[in-house]
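First the structure, in the form of structure tokens, and then the observations on it.
The values are calculated or read from the model by the stated rules, or taken from the named source; none is laboratory data. Being a predicted model, the structure only gives us computed values, none of them experimental. Neighbour counts run over all protein chains shown; Cβ positions are idealised from the backbone, glycine included.
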Amino acid sequence: MKYLVGFSADQGGQEALALGAVLARSCKATLTVCTVTPDTWGHPSPARVDGEYGAFLQQHTAQAQAAAKASLPADVPAEFLTVSASSAREGLIRAAAEAGADCLVLGSAREAPLGRFGEGGVTTELLRSAHLPIAVAPHGYAAGPDTRVSRLSGAFSGAASSPGMVARSVALARDFGVPLRLVTFVVRDKQMYPTGAGYDAEQFVSNVLREQARSAQVALLTGQDRPENLSAEIADGPTWKAAFESLPWEDGELLVLGSSKLGPILRVFLGSNARKIVHNAPVPCLILPRAEE
């Protein structure tokens, strides 16, 4: 198992580095820290501006990576590399392929609320097209020097694709050696203007969704092939924030989500609900590419 951290010389880079260290420590994986720099000119300029710019990039990158090495815990060895590309997305995808990475780790945009993840330009592109799992750290994420993944929570919708998602989550929990909790989100945001049927009908729909979620969870938990250390809960609330706050979340917890069936096979693609989950989760998230049917 190899994790590739997309590292930049800002707080988002430090958050990604901290999450990468936790993941690598938890399953004895290797860690590669990648910094992407802009492409320089392909030929010398008359005023040698290209040489000065290239030297500046090298110095800036070396300083940033030296700070990253100093901040890594001693028990998490890592290799550092720099790639030049026309975009950060292109550089990270190429670096992941060349390094044989199994997962890409990214930080949050600065505009996100503290403790929540926000998409920047790079993460938005990767969350629509990456061919490998992506782990994202919330804004302000930090971890102690001995922090490990303590539990996985898998977003469970009860849809036709859920058995495959559960199987992948079970395999991940086994790799990390931690219990797995399946979480079904039942959220019914109140609208400024109700439907023609009124709020009572919308409340009825919420109750039906809640019962369906319980039934799907019970069927899974009472099945003959139920894995050990498997539990299930419902995150219930009038808003996504309230739904998350209705459940306890551990230090070292990792929330696992699948990609939308509307996206291409073997690619990451967040649907509308998955995007809301990732943006509201108080813990790091791992988004898996869409599996083959």
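Of all residues in segment 85-99, which are loosely packed, with under 15 Cβ neighbours inside 10 Å and either in contact with a Ser or Thr (Cβ under 9 Å, 6 or more places away or on another chain) or more than 19 Å from Leu132 (Cα to Cα) (or both)?
Ser86
Return the only residue of Arg148, Arg128, Arg89, Arg116 being more than 14 Å from the chain's Cα centre (by Cα) and assigned to a loop (DSSP other than H, G, I, E, B).
Among Arg148, Arg128, Arg89, Arg116, only Arg148 is more than 14 Å from the chain's Cα centre (by Cα) and assigned to a loop (DSSP other than H, G, I, E, B).
If we keep just the residues of segment 105-147 that are farther than 15 Å from Leu254 by Cα and of a type in the set (D, E, K, R), which is surrounded by the most Cβ atoms within 10 Å (Cβ to Cβ)?
So, considering only residues that are farther than 15 Å from Leu254 by Cα and of a type in the set (D, E, K, R), the one surrounded by the most Cβ atoms within 10 Å (Cβ to Cβ) is Glu119.
The conditions are (1) among the hydrophobic types (A, V, I, L, M, F, W, C); (2) modelled with pLDDT of 90 or more; (3) assigned to a helix (DSSP H, G or I), and Leu182 fails exactly one of them. Which is it?
Result: Leu182 fails condition (3) only.
Does segment 31-43 contain at least one residue that is assigned to a loop (DSSP other than H, G, I, E, B), closer than 23 Å to Gly252 by Cβ and at pLDDT 95 or above?
No; the residues of segment 31-43 include none that is assigned to a loop (DSSP other than H, G, I, E, B), closer than 23 Å to Gly252 by Cβ and at pLDDT 95 or above.
Say whether the condition of being closer than 24 Å to Ser26 by Cα, surrounded by 19 or more Cβ atoms within 10 Å (Cβ to Cβ) and among the polar types (S, T, N, Q) is met by at least one residue in segment 152-164.
The answer is yes; a qualifying residue exists.
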